[in-house]
1. Using a 1.4 angstrom probe on heavy atoms only, work out the carbon and sulfur share of the accessible area of the range 328-458 in %.
2. If one computes P(r) from the Cα atoms of the range 336-421, what percent of pairs lie at distances over 16 Å?
3. Amide H neighbours of residue 239 under 5 Å, at least 5 residues apart or on other chains, H built in the peptide plane: list them.
4. Suppose each label sits 7 Å from its Cα in the direction of the beta carbon; what would the residue 382-residue 57 distance come out to in nanometres?
5. When the distances between all Cα atoms of the range 123-167 are binned every 10 Å from zero, what whole-number percent does each bin get?
6. Could you work out the mean projected area of the convex hull around the alpha carbons of the range 388-464, in square nanometres to one decimal?
7. Relative contact order (percent) for the range 346-439, with alpha-carbon contacts under 8 angstrom and 6 or more residues of separation?
8. From zero up to wherever the largest Cα-Cα distance of the range 202-280 sits, split into 5 Å bins and tell me the percent of pairs in each.
Amino acid sequence: MTFTAPALLTPDALLVRNPFDGALVGEVAQATPEAVFATVQRARAAAAGFRASTPAQRRALLNALAALIARDAESLAQMICAEVGKTITEARGEVRRAQNTLRLAGDAATFLDGEVLHCAIVAGGADRQAVVTLKPVGVVAAITPFNYPLNLLCHKLGPAIGAGNAVVVKPSPKAPLAADHLVRLCAEAGFPPGLVQVLHGGAEPALALARAPIDLLSFTGGPVAGLALKRASGLVRCLMELGGNDPLFVLPDADLEAAAATAVGHRYEIAGQSCAAVKKLYVHEAVQARFTEVLLAKVSALRHGDPADPQTQMGPVIDLAGAEMVCERIAASQAMGARLLAGGMRQGALVAPTVLDRMPLEAPLIATETFGPVLAMRGFTDLDAAVDEVNASAYGLQAGIFTNDHAAIRRVGQRLQVGGLMVNEGPDFRAEHVPFGGIKTSGLGREGVRITMREMSETHVVID
């Protein structure tokens with residue numbers, strides 16, 4: 001099946017290929033810098049008209065869009081499976097989550113409340129009231145990655161529309177088709193013309209969009225691209241989720257079966273290409289031998305191959321370059337003393353589920369974020385020292401810990417420099433309405449429909 005978006009901007013086609021077999025999946029038209037500017041101008045005109053919309057109207061639009069996603073759920077899942085290499089089961093799950101994200105954003109739009117503050121709170125203060133409300137920022141530029149092409153877009157589009165803004169979407173050139181289809185569904189759902197538009201291409205249109213007269217830039221991707229976009233956007237407000245090198249701690253009292261199942265489920269989902277997936281596995285030496293045995297049994301049972309097969313549990317990484325990079329880091333880590341326990345091979349873009357232990361701190365699989373199906377394990381005896389190792393990283397997205405020792409949970413929660421700590425869960429856990437994001441080079445601001453809606457609003461004060 002081939003999916004082709006209308007060629008609206010330039011005859012130069014961007015071809016989209018299936019990562020598993022290289023088959024042509026579809027094509028989209030790449031945007032020129034001139035087209036980017038014209039698109040943003042249309043968005044500004046649409047935003048001016050949409051500012052006066054009511055919360056009920058915004059919720060109705062988002063619910064209508066969610067209903068159309070539900071109608072097209074299977075075709076969207078097949079599209080995501082084909083363009084990303086995500087298993088069909090994972091793709092169907094993403095489509096369900098996207099509907100939930102939009103509905104939650106619609107609900108949150110009806111509770112985008114301000115407050116009333118009295119000015120006379122000190123002796124001699126003016127007997128006046130300040131009415132604080134939240135107004136739309138205007139035009140939101142939404143630049144999204146390949147790994148969750150539908151739901152991560154909904155995490156930007158839903159709050160932006162809920163807050164009364166227009167949106168210009170620029171999806172990853174590696175997986176643009178689901179986003180393109182979503183934008184077409186916006187028109188079918190009754191969104192005003194120009195309120196949600198899409199641009200396609202790589203770095204050039206992304207930088208052009210950042211330089212255009214937008215009012216907020218929301219970007220999910222890598223820190224190098226994020227910094228380039230922030231510099232290009234100048235004083236425009238930025239929300240950025242820039243990845244993580246996320247740890248999972250397994251303490252002596254942990255449920256080892258549950259911890260191993262979580263590590264496997266989170267790390268090998270989307271072939272390890274999730275920002276908050278378990279990258280570094282810290283296992284207490286008192287249980288390391290038993291945990292490793294349980295872990296390897298689960299890894300060996302993992303079915304990897306054709307993502308379109310419902311029995312497949314893990315598909316390929318996004319392209320050959322990504323697969324080669326993963327294998328290079330495995331080899332480099334082995335050369336530094338890491339021990340390969342499972343996997344390490346690849347066939348095309350399909351990298352086998354891989355586990356290594358005895359990881360040196362300087363090994364690339366520990367020192368840097370790796371988008372691929374690799375678990376890098378370190379033993380520890382001193383929890384504080386393990387936390388210090390994690391804190392030394394430039395990243396700080398999320399972390400997980402398996403234990404029922406509440407003193408340890410409190411200590412790690414206080415000391416660990418991350419945006420969120422998941423207890424008896426992996427760092428990749430996320431609920432659509434809960435704040436999600438990191439510190440340090442992991443990003444700026446937070447996603448999660450309620451907090452994002454406020455991030456995409458301006459504070460406005462009237463004192464009477």
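The values are calculated or read from the model by the stated rules, or taken from the named source; none is laboratory data. Owing to the predicted nature of the structure, the values given are computational and were not obtained by experimental measurement. Here Cβ is always computed from backbone atoms with ideal geometry, including for glycine, and neighbour counts include all displayed protein chains. The protein model used for the area step is the full one, side chains on, heavy atoms only, and it has no ligands, DNA or RNA in it. Shrake-Rupley method; radii C 1.70, N 1.55, O 1.52, S 1.80 Å.
1. Values: 2720 of 5370 Å².
Carbon with sulfur: 51 percent of the solvent-accessible area.
2. Numbers: 2215 of 3655 pairs.
Distances greater than 16 Å cover 61 percent of the Cα pairs.
3. 217, 218, 219
4. 6.2 nm
5. Calculated over all Cα pairs of the range 123-167, the distribution is 24, 33, 17, 13, 10, 4 percent.
6. Values: hull surface 28.7 nm².
Computing the convex hull of the Cα atoms and averaging its projections yields 7.2 nm².
7. Values: 108 pairs, mean separation 21.7, N = 94.
Computed over the range 346-439, the figure is 23 percent.
8. 3, 14, 19, 15, 10, 10, 10, 8, 6, 4, 1
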